[in-house]
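One structure is given below, encoded as structure tokens.
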């Protein structure tokens with residue numbers, strides 16, 4: 001997995017965009033107490049379900065790999 005230059009900023013952008021996408025779609029209502037890792041996992045699984053990103057093989061799914069996939073997805077968003 002290749003390191004992305006500004007991955008931390010892209011993760012923040014992905015959480016913001018993913019949260020907004022999930023709420024508009026009516027699939028999720030995040031609470032202020034939800035951790036970033038919970039949000040990342042839910043957003044990743046929602047985007048995979050909606051076929052907006054390619055799923056990872058189940059044995060390769062980890063917090064780090066989900067963060068990486070979401071960073072790539074966020075980098076392609078306007």
- Item | On Cα atoms only, tilt of 7-25 relative to the major axis of the chain in degrees | 40
- Task: Project the alpha carbons of the range 7-75 onto their principal axes and report the range along each, largest first, in whole Å.
- Result: 28, 24, 21
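Read the figures in this text as sums done on the coordinates, not as results from a lab. A quick note: this is a predicted structure, and the numbers were derived from the prediction, not measured.
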